[in-house]
Amino acid sequence: MSFKSLFAAAGMAACLVAGPMHATEMKSEKANPLLAPWTGPYGGVPPFGQAKVEQLKPALEASMAENLAEVDRIAAYPEPATFENTIAALERTGRTLDRVGTIYGIYASTLNDDAVQAVEREMEPKLAAFNDQITQNEALFKRIEAVYEAREKSGLTPEQQRLTWLYYTNFVRAGAKLDAAAKRQLTEINQKLAALYTQFSQNVLADENEGQLVITDAADLAGLPESVRAGAAQVAESRGKKGQWVIANTRSSVEPFLTYSDRRDLREKVWRMFVSRGDDGGATDNNAIISEILQLRAQRAKLLGFETHAHWRLENAMAKNPERAMELMEAVWTPAVARVQEEVADMQAIADKEGAGLKIEPWDYRYYAEKVRKAKYDLDETEITPYMQLENLREGMFYMAKELFGFHFKPVDATKGVSVYHPDVRVWEVNDAAGQLVGLWYFDPYARKGKRSGAWMNAYRTQERFDGDVRTIVSNNANFVKGQPGEPVLISWKDAETLFHEFGHALHGLSSNVSYPSVSGTRVARDYVEFPSQVLEHWLPTPEILDRYALHYQTGKPIPKALVEKIERADKFNQGFDTVEFLSSALIDMKLHLAGGGVIDPDKFERETLAALGMPSEIVMRHRTPQFMHVFAGDGYSAGYYSYLWSDTLTADAWEAFTEAGGPWDKAVAKRLRDHVFSVGNTIDPADGYRAFRGRDAGIDALMRKRGFPVPEKAAAPAAEK
Ligand SMILES: [Zn+2]
């Protein structure tokens, strides 16, 4: 969270700058528990339960001031610059801010209320300015540059050389070489952007919190399975509507409704509500904000010497430039659209046969896709769900972690005094095969008001070794709908995949075995970071996991073989929809950021670009522009949403490394995966790491096979090519 977070690709984005502190505030910091080093077992744990929201701002300000003072001391050091007195010294700085930033990030993402939002609005621009103040420190940059220029002949380890290269590159990318006037301009842009990002995400959150479909008549629940009804009743109760049902305006509520509701009119209503988030023309409309963000990003890219924001963003990604990312997306787009046409024809045939008298619209897609799945593969999602008990699947993930990485998970003993920020959160300690502590894993599975939607991993503390062994602390967060008290939580197959995916990020963090925090764990290139998480999704459907852990919540019997076979046969089902839904978002993201600095009307741009691409009218983007948090709630995945597809080319190819060898549990392949991918953080170039794992670069073939698309005769975009 300190300025070092400039290096972080994954985890919670955010981070930034500071104004001068007032003397009176200084005194009260003494009592601020957020500023103290973490105490307790496991090398210290976050002090949940001791902090109050009103302590966030003073703690952020005090720790930013401390970080600036530390950096100034390094910049003013009288001896010539060396790795040790400059780069390693920088790695030691910002520790208080790291800790405070972790707590701030948890509040912002999981305990967000009006008070937290006020802190965000005030602090985000200050944090942006803080980052700039460090990267624009001329004396500091001169020292970094000196170490960088001497890096190959000063006896540094490969990791130290790469860390030095990373500092130098990141400082240059952040404007370290600009003249004073340009630096001022850059800081102004960054602060404006930070404020706009906060506004953007608060608008989406407001629409998600406030939008809802209230159902008072049980007849309107037609088609919904029991688990979805129970979830809707639970949401209603939490909103003071006991005895009714509420479909909230979030993905985890909306998608099951669209899949199962027999009521076409209500499906349309819910669909319109969901795709209009941030786009309703009212106080929470994001269109003007997006337009301003795009202009500021274009200006910033020009200032930094890049053609567009996309060129700036991709320079340090594995793809290296927007052209290579576009080439991959275009290679997949055409076969995906062709597949959608087949899927729609299948759905239309069923609707016609039923005499529904309709043409498939976007609010029909999930509903009729489900019917096709039943008809074609005899597979009914509601047959699977009773076997998908959240807690059992979690045990299944632990089994996978043990078999592949030698990790053992055990619940943290209540007497150890590890506190949590919400009663739903639980903590496990993770040990390696030799019984050595690896780190802690926090699990926050359920949706609640004030928690951002979706699922994510976060590192509360990263692994490092250069100044003594520091164990990592990671967390997984999701938005599963909590069932009635005492009832097992049943999740969908997709949710189970998400569970394994996020756990993959956690294992990436836990496997880290590096010296320096800035290159630790998931702090790797944006288009590489999804690879370790996506690849672990492949273990969910293995018999070893399903037979042991997919147990019926009433009978305790494992999921029947015949059902598993049906799941396998239906594996490529609906890939047209999934791919087009994703790719349309990724293409709009990239094209918006390649468009230059003119004024853009986001709705119009989206409409016209999709029409030009030949977007099927039956599908809407997974994230429409006005609600595209990945892209507009921060720089995060801006011009970077393609990363999931890029990573998936590696994922598909890596999975084939297992299937070509002894299968999913092949120890030798697992060891190579751990040695060259999971444990190395950003200490090596990702393309080199992949090559060391696979023995060659990844092509597009495995990706096309995975999705059931025709494999091109000549691979279009070899993803791991340098
Ligand atoms: Zn992910």
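The values are calculated or read from the model by the stated rules, or taken from the named source; none is laboratory data. Note that the coordinates shown come from a computational prediction; the quantities given were computed from them, not determined experimentally. Cβ sites come from the backbone with ideal geometry, for glycine too, and all protein chains shown count toward neighbours. Keep in mind that these areas ignore ligands, DNA and RNA; they rest on the heavy atoms of the full protein, side chains included. Shrake-Rupley method; radii C 1.70, N 1.55, O 1.52, S 1.80 Å.
Quick notes
- Chain lengthening between Ala182 and Ser617 when straightened (0.36 nm per residue, less Cα-Cα): 152.1 nm
- DSSP-assigned coil residues among chymotrypsin sites (Phe, Trp or Tyr not before Pro) in the range 613-652, each with at most 11 further Cβ atoms within 10 Å: none
- Think of the range 461-571 as having a plus end and a minus end, set by charges on the Cβ of Lys, Arg, Asp and Glu; of His505, Pro543, Pro558, Pro558 sits farthest toward the positive end of this dipole.
- Added length on full extension, which subtracts the Cα-Cα distance from 0.36 nm per residue, Asp685 to Ala356: 112.9 nm
- Simple rule: put +1 on each Lys or Arg Cβ and -1 on each Asp or Glu Cβ in the chain, find the dipole, and look at Ile289, Tyr442, Pro532; the Cα lying farthest toward the positive end is Tyr442.
- Label-point gap, in nm, between Ala288 and Gln341 - each point 7 angstrom along Cα→Cβ: 4.3
- In a simple Cβ point-charge model (Lys, Arg +1; Asp, Glu -1; nothing else charged), the range 255-389 has a dipole of about 360 debye relative to its Cα centre.
- Only Cα pairs under 8 Å and 6+ residues apart enter the sum, and on that basis the relative contact order of the range 291-443 stands at 9 percent.
- Surface per residue (accessible, 1.4 Å probe) for the range 107-147, Å²: 35
- Heavy-atom accessible area ranking, 1.4 Å probe, most first, across Asp280, Asp432: Asp280, Asp432
- Assuming charge only on the beta carbon of Lys and Arg (+1) and of Asp and Glu (-1), the dipole of the chain about its Cα centre is about 840 debye to the nearest 20.
- Of all DSSP bridge pairs formed entirely within the chain, close to 75 percent run antiparallel.
- The residue list Gln348, Ala336, Ile360 was ranked by how far each Cα lies along the charge dipole of the range 319-370 toward its positive end, using unit charges on Cβ atoms, and Ala336 comes out on top.
- Reachable lysines from Lys402, criterion Cα separation under 17 angstrom, eight or more residues apart if same chain: Lys410, Lys667, Lys671
- For the chain: relative contact order, % (alpha-carbon pairs under 8 angstrom, 6 or more apart): 16
- Spin-label pair Glu315-Lys557: with each label point 7 Å from Cα along the Cα-Cβ axis, the two points sit 6.2 nm from one another.
- Each stretch of four or more DSSP H residues adds -39500 (n - 2.57); spread over every residue of the chain, this sum gives -16500 deg cm²/dmol at 222 nm.
- Mean separation of Cα pairs under 8 Å and 6 or more residues apart, divided by the residue count, gives the range 531-633 a relative contact order of 24 percent.
- Qualifying trypsin sites (Lys or Arg not before Pro) in the range 224-331, DSSP loop, other Cβ atoms within 10 Å at most 13: Lys242
- Ranked order, Asp378, Asp279 - accessible area, probe 1.4 Å, largest first: Asp378, Asp279
- Extension reserve of the Glu54-Ala222 stretch, reckoned as 0.36 nm per residue once the Cα distance is removed: 55.8 nm
- Solvent-accessible area of Met615 with every protein chain in place, 1.4 Å probe, in Å² to the nearest 10: 30
- Candidate cross-link partners of Lys177 among the lysines, defined by an alpha-carbon separation under 29 Å and a same-chain spacing of 8 or more, comprise Lys4, Lys126, Lys142, Lys153, Lys192, Lys302, Lys320, Lys591, Lys722.
- Counting DSSP beta bridges with both ends in the range 418-553, the antiparallel % (nearest 5): 60
- Rh by Kirkwood over Cα pairs, then Stokes-Einstein D for the range 427-472 at 1.306 mPa s and 10 °C, µm²/s: 124
- Carbon + sulfur, % of accessible area of the chain - ligands and nucleic acids excluded, 1.4 Å: 51
- About the centre of its Cα atoms, the range 209-312 shows a dipole size close to 200 debye [charges on the beta carbon of Lys, Arg (+1) and Asp, Glu (-1) only; nearest 20 debye].
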